[in-house]
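Only one structure is covered here, and it is reproduced in the block below.
Where a number appears in this text, it was derived from the coordinates with a stated rule and is not lab data. Predicted model only: the values in this text are computed from it and were never measured. Note that each Cβ is placed from the backbone with ideal geometry, even for glycine, and that neighbours are counted across all protein chains shown.
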Amino acid sequence: MKYPFLLLSSLVSVEFFVLSQEANARLYITPSIDFSVAHTDNVSSAPTGQEKSDTILTTNPRVFIENKAMRSDFTIDVGYTFEEYLRMDDFSGNDAQLASTFWFAVVPNFFDIEANASYSQISKGNPRDNVTANNRVSLDTGGSGSTPSQSSSIFLYDISPIFYTHHGEWAESENRFKYSESKENPTQSKSKDAANNIGGLDTKTFSFDQNIGSKSNLSRLKSTLTNHFSRTRQAGTPTRIVKEWTSDLANEVMILRPFALTYRPGWEHHNDTSQNVSNLNGFYNYYGFHIQGRRSDILVERGRKYKADAWNINSQYELTPFVNLTATYTDQTENQSLERLNNLTNSTNVGAGLSFDPLTGQFVNVATNEFQGLGNNIRARDLELGMDILKGRNTYHLTASVQKSTSATSGTSSNGNETIKTYRLNYIRNVTDKADFSAGGSYENDATTGSDTRKTWRFDTGYSYTVSEKVTVSIDYYYVIQRRKPIAEKIRENYVSISLEKQF
């Protein structure tokens, strides 16, 4: 693909030209290489009795370049991955990644330019990371192992002019225009979302985001107006157009410290030309209170959105100097179109119904939370509780969450649902200044309409040691087991890896 490299090289040339004009610019170049040897007893995430073991050798050379100055900054991250499967050679392959970011203050405090570009080439579909990366769905191997996909590549870029303005002594605003584009090659590897007929990449998006906020001169009133518009054109037959307009005005009036009243009205409009999509439009409003104390921060809002009740609760409490508690709860009707489209735009198909996000290195399902209920709109209820304990060299992080998605064609009428319960405990021990130990365990129960249930247990542990300033050795292990009903499928895997990272 010549086009991505031409644009990336042009962006890099502009970066160097701009930064060369600043005498105080500092250039940092950090080459590194990572070697790892891993062994798994279930390389293709096959059901019990059909497992195949394999050893995987990985070499990952990278170069990270960063240049900082007072009015500008850029980074370039280039990497190449050589992955060799000793037994299942069909899964061996070489992947390339390149990412670049750029920021330049054309007129300080008035006009900035930001740009990002990335290119990723994925040679094979990884047969293993489906279960290990997101603990979600098993590959259908049929006892013969997975079939690797063809080589594919994805190119993403965006450019954003940003204007900052001041409105007297009372308000200031940020106005961001953004144009982004995504391209995938070959076109036949495009991802699909059968629920809403969302297919393909090669999207072009124009968006405008405005944020107007009150200044500190208004001591008892804090207001923020947020406006958003986006138009995405997706290639295909027929061409798909997704438009979104939103406006949100958040107001907070301090009555008596630390107690404040809140009121947040807004408006949303969604327009999606694809089939089987019902668009939600209309006004909404939230009202509640906000308490900000020395050890606590509590926000409670109740309102109406799309003719349905809605809640938003966010709280944080410092129980002791070493223990921090958090709790969040949301209940509202949402539109899935843009989130699903964004997931597609930032991923490339690797076969077996999976997509790969080249920027995060994770395998993803293109549908929101893998939810395939009828209709485009869902009522989402999410509850998450957390506790962090930091004492001495020990850190504990405990989370528990419940996510319930109910499909709704209008209002709150239900025709499908999914409930995900997740519990996770992480422990980190700073053994010495050069060594860290970690361990964790999790349980997830994913139940959907029709009694389709997946239960996943996972245990992982790791140890890393810094041999010198630029050399780190790590060993990691995990065990994962997944049970699925009503098809009575069970998947197990033991995975261990040893890696060495060297910076130059």
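If you take all other residues with their beta carbon under 9 Å from the beta carbon of Tyr179, and give Lys and Arg +1 and Asp and Glu -1, the sum is 0. Among the GluC sites (Glu not before Pro) found in the range 153-185, those both in a DSSP coil and sparsely packed, with 16 or fewer other Cβ atoms within 10 Å of their Cβ, are Glu169.
For Lys470, the lysines whose Cα comes closer than 24 Å to its Cα, not counting residues fewer than 8 places off in the same chain, are Lys68, Lys434, Lys502.
Simple spin-label estimate for Ala327 and Asn281 gives 4.0 nm between the two label positions (7 Å along the Cα-to-Cβ direction from each Cα).
Multiply the residue gap between Ile475 and Glu318 by 0.36 nm, knock off their C-alpha separation, and tell me the result in nm, one decimal place. Please report the intermediate quantities before stating the final value.
Values: separation 157, 0.36 × 157 = 56.52 nm, distance 3.44 nm.
Result: 53.1 nm gained on full extension.
Shown here for the range 246-321: trypsin sites (Lys or Arg not before Pro) in loop regions (DSSP other than H, G, I, E, B) with at most 13 other Cβ atoms within 10 Å, namely Arg294, Arg295, Lys307.
Output the pairs from Lys243/Lys307; Lys222/Lys243; Lys404/Lys455; Lys222/Lys404; Lys391/Lys455; Lys52/Lys485 with a Cα-Cα distance over 26 Å in this structure; if there are none, say none. Numbers along the way, then the final one.
Details: Lys243/Lys307 21 Å; Lys222/Lys243 30 Å; Lys404/Lys455 16 Å; Lys222/Lys404 33 Å; Lys391/Lys455 33 Å; Lys52/Lys485 23 Å.
Check vs 26 Å cut-off fails for Lys222/Lys243; Lys222/Lys404; Lys391/Lys455.
Remark: the Phe459-Arg483 segment gains 7.1 nm on full extension, using 0.36 nm per residue and subtracting the alpha carbon distance. So what's the net charge close to Asn430: Lys and Arg +1, Asp and Glu -1, counting the other residues with Cβ under 13 Å from its Cβ? Taking every Cβ under 13 Å from that of Asn430, the sum is +2. The simple Förster model, with R0 at 30 Å and r as the Cβ-Cβ distance, assigns Lys490 and Arg424 a FRET efficiency of 0.90.
Residues of the range 439-471 with backbone nitrogen within less than 14 Å of a virtual label 7 Å along the Cα-to-Cβ line of Asp433, please, listed as ranges. Flagged as within label range: 466-469.
By how many nm would the segment from Met387 to Asp452 grow when fully extended, if each residue of separation counts as 0.36 nm and the alpha-carbon distance is taken off? Could the numbers behind the result be given before it?
Details: separation 65, 0.36 × 65 = 23.40 nm, distance 3.10 nm.
Here the answer is 20.3 nm.
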